[in-house]
Amino acid sequence: MGYELTKETIVQDALDMGFTHAGLVDVTTLEAREEVRDMCAVDKCHGYDRNWSCPPGCGTIPECNERMHSYDWGIITQVTLDMEDAMDMEAWGEAGKQLHDGQVRLNEELHKKYKDVLALGGAGCNLCAKCTYPDEPCRFPEKRMSGMEAYGLVVSEACMKNGLKYYYGPDTVTFSGMFLVKENS
Ligand code: SF4
């Protein structure tokens with residue numbers, strides 16, 4: 001199936017690819033916050049200062065803000081699955097996997113059409129067995145995805161400011177990602 005991947009078609013393209021929800025992003029609504037960065041520094045996910053996709057390698061909060069605002073438009077992509085109950089870790093894991101797989105696929109498609117695409121997913125990059133950070137440049141900058149939180153975003157705020165829910169009701173789990181696109185790149 002071919003995808004146009006224009007600002008006008010991208011939401012339907014994403015739904016056709018299997019995301020359960022998608023919505024356009026007005027980049028002026030995106031706000032990188034220091035307090036989110038502070039949560040990364042606690043290093044629960046063991047990426048902080050170890051990977052180009054994570055802080056501080058992905059840039060300071062002012063740099064992340066400036067970068068996000070330099071794009072022309074974007075899209076939030078989501079995968080929502082039903083859970084049997086609040087402890088249904090299988091559904092949780094499956095939703096995360098489906099979002100990641102969809103993000104990888106859409107990232108590849110977008111990079112065929114646009115040179116400058118910022119891909120943000122649900123977690124940092126684990127493409128290489130050992131990241132080159134901080135001694136050598138990233139091996140795969142076009143494939144690399146940062147977590148939305150790594151860019152200082154409050155995911156629920158980014159969703160709500162762009163007309164998407166963050167929570168789809170009891171016994172559901174939702175993972176969200178985002179792409180920002182420079183139109184004439
Ligand atoms: S692609 Fe490799 S070098 Fe680049 S951020 Fe990911 S793990 Fe690190």
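Below is a table of values for the structure above.
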item: Residue count, segment 39-52 (criterion: within 16 Å of the ligand (Cβ to nearest atom) and closer than 14 Å to L153 by Cβ); result: 1
item: Breaking point among (1) within 16 Å of the ligand (Cβ to nearest atom); (2) of a type in the set (D, E); (3) closer than 21 Å to P55 by Cβ, for E108; result: (3)
item: Residue satisfying condition, being under 12 Å from the mean Cα position of the chain (by Cα) and within 24 Å of D38 (Cα to Cα), within set M160, M148; result: M148
item: Among residues of segment 143-169, those that are more than 22 Å from G18 (Cα to Cα) and part of a loop (DSSP other than H, G, I, E, B), counted; result: 3
item: Residue pairs meeting the criteria (Cβ under 8 Å; at least 6 apart or on separate chains; first touching a residue at least 12 places away in the same chain (Cβ under 8 Å) and closer than 26 Å to W73 by Cα, in segment 111-139; second within 13 Å of the ligand (Cβ to nearest atom) and in a helix (DSSP H, G or I)); result: V117/N107; A119/N107; L120/A150; G124/A150
item: Residue ID - surrounded by the most Cβ atoms within 10 Å (Cβ to Cβ), chosen from residues in segment 162-185 that are touching an Asp or Glu at 6+ places or on another chain (Cβ under 8 Å) and under 30 Å from E84 (Cα atoms); result: V173
item: Residues located in segment 112-123, provided they are within 16 Å of the ligand (Cβ to nearest atom) and either modelled with pLDDT of 95 or more or more than 15 Å from the chain's Cα centre (by Cα) (or both); result: V117, L118, A119, L120
item: Residue ID - nearest to the ligand (Cβ to nearest atom), chosen from residues in segment 124-157 that are within 21 Å of L99 (Cα to Cα) and hydroxyl-bearing (S, T, Y); result: S146
item: A86 more than 17 Å from the chain's Cα centre (by Cα) and in contact (Cβ under 8 Å) with a residue 40 or more places away in the chain; result: yes
item: Test set (1) surrounded by 20 or more Cβ atoms within 10 Å (Cβ to Cβ); (2) without any contact (Cβ under 8 Å) to a residue 60 or more places away in the chain; (3) touching a His at 6+ places or on another chain (Cβ under 7 Å); (4) not aromatic (F, W, Y) - E142 fails condition number; result: (1)
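Yes/no matrix, rows are residues, columns are (1) among the hydrophobic types (A, V, I, L, M, F, W, C); (2) away from the ligand (no atom under 16 Å from the Cβ); (3) in contact with a Phe, Trp or Tyr (Cβ under 8 Å, 6 or more places away or on another chain); (4) more than 22 Å from V11 (Cα to Cα):
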residue: V27; (1), (2), (3), (4): yes, yes, yes, no
residue: R33; (1), (2), (3), (4): no, yes, no, yes
residue: R37; (1), (2), (3), (4): no, yes, no, yes
residue: C54; (1), (2), (3), (4): yes, no, yes, yes
residue: W73; (1), (2), (3), (4): yes, yes, no, no
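The values are calculated or read from the model by the stated rules, or taken from the named source; none is laboratory data. Since this is a predicted model, take the numbers as computed values, not measurements. With ideal geometry, Cβ positions are generated from the backbone for all residues, glycine too; neighbour counts draw on all protein chains shown.
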